[in-house]
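The values are calculated or read from the model by the stated rules, or taken from the named source; none is laboratory data. Please read these numbers as outputs of a predicted model, since none were measured by experiment. FYI the Cβ positions are ideal-geometry reconstructions off the backbone, even for glycines, and counts take in every protein chain you see. Only protein heavy atoms, including side chains, enter the accessible area calculation; ligands, DNA and RNA are left aside. Shrake-Rupley method; radii C 1.70, N 1.55, O 1.52, S 1.80 Å.
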Amino acid sequence: VRSFVIIGRTATASSDFLLDDLAGSSGRLDVLTRCVRAALLTSHGVRKDADVFLVLLGGERAPRTVRIQGETAKFLRPDERSLAVLLQKSLASHADDDATGFVDLRHGVSLSRGGVVELLPMFEGRPLYVLSEGAPDVREATLAKGAVIVLGDHTGFDEDTLAALRARGATSASLGPVSLHSDDAVCVMNNELDRRAL
Ligand SMILES: C[S@@+](CC[C@H](N)C(=O)[O-])C[C@H]1O[C@@H](n2cnc3c(N)ncnc32)[C@H](O)[C@@H]1O
């Protein structure tokens, strides 16, 4: 499986946002919903071999992480609003309050307390890549199966996250000379892995 981890520095970890003003009321959860679409959905289907982790660092209930797994998720739709509804229902849950690790909420959707530091042990033994502008070009990089790809949101990465990723030996890679939106970066990376059949 290939995994995408999106660090939402401002994205709210609570369900307290307006579907009619997602971008303005959720700390830019809209960026993350678009990443879910780019990571998991193809023209006519779902990538069974991919999953996405949304690390939500904004608001009172932060940090929390939502995981959506292509293999088991049902009724995933590509539009931002229905993905936002899915996140809102998930974030309203208290199932993760006293739990350790991910708690299943519905088919393919689970939730855990904690952010990237709590998440990294799950990826033990898998190659970790951090997408960063200005790093060596991904086209020159050796990519391996089971890649975990970490991206920032519209504000990039915070130092603590970068330090945790470096400590875990993550490789930095760039997708070319232009800084892209996070969902476009996911899309380009999926394409790179598809071309290499990884
Ligand atoms: C909108 S960009 C972040 C821009 C932010 N202002 C900054 O300076 O970091 C969102 C994320 O997409 C990824 N990204 C965008 N363009 C990229 C590129 N050309 N190469 C590698 N990663 C890229 C990075 O992970 C970045 O944190």
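Rg and Dmax over the alpha-carbon atoms of segment 47-112 stand at 11.6, 33 Å. Compactness of the chain, taken as the C-alpha radius of gyration over 2.2 N^0.38 Å, stands at 0.95. DSSP finds beta bridges in the chain, and of those with both partners inside it, around 45 percent are antiparallel.
With a Förster radius of 30 Å applied to the C-beta separation of VAL178 and GLU118, the computed FRET efficiency comes to 0.35. Between SER15 and VAL188, the distance separating the two model label sites (each 7 Å from Cα on the Cα→Cβ line) works out to 3.7 nm. Here's the picture: a label point sits 7 Å out from the Cα of ARG139 along the beta-carbon direction, and within segment 170-198 the residues with their amide nitrogen under 19 Å of it are 172-181, 184-198.
Relative to the Cα centre, the charge distribution of the chain, modelled as +1 at Lys and Arg Cβ and -1 at Asp and Glu Cβ, gives a dipole magnitude of about 620 debye. With the biggest extent put first, the Cα atoms of segment 108-198 measure 34, 28, 27 Å across the principal axes. Entry comment: accessible area of the chain is 48 Å² per residue, from protein heavy atoms only and a probe of 1.4 Å.
Whole Å is fine, so just give me how far the alpha carbon centre of segment 5-71 lies from that of segment 96-113. What the calculation gives is 15 Å, centre to centre.
Solvent-accessible area of the chain (1.4 angstrom probe, protein heavy atoms only): carbon and sulfur portion equals 51 percent. Summing Lys and Arg as +1 and Asp and Glu as -1 over all other residues whose Cβ lies under 10 Å from the Cβ of LEU175 gives a net charge of -3.
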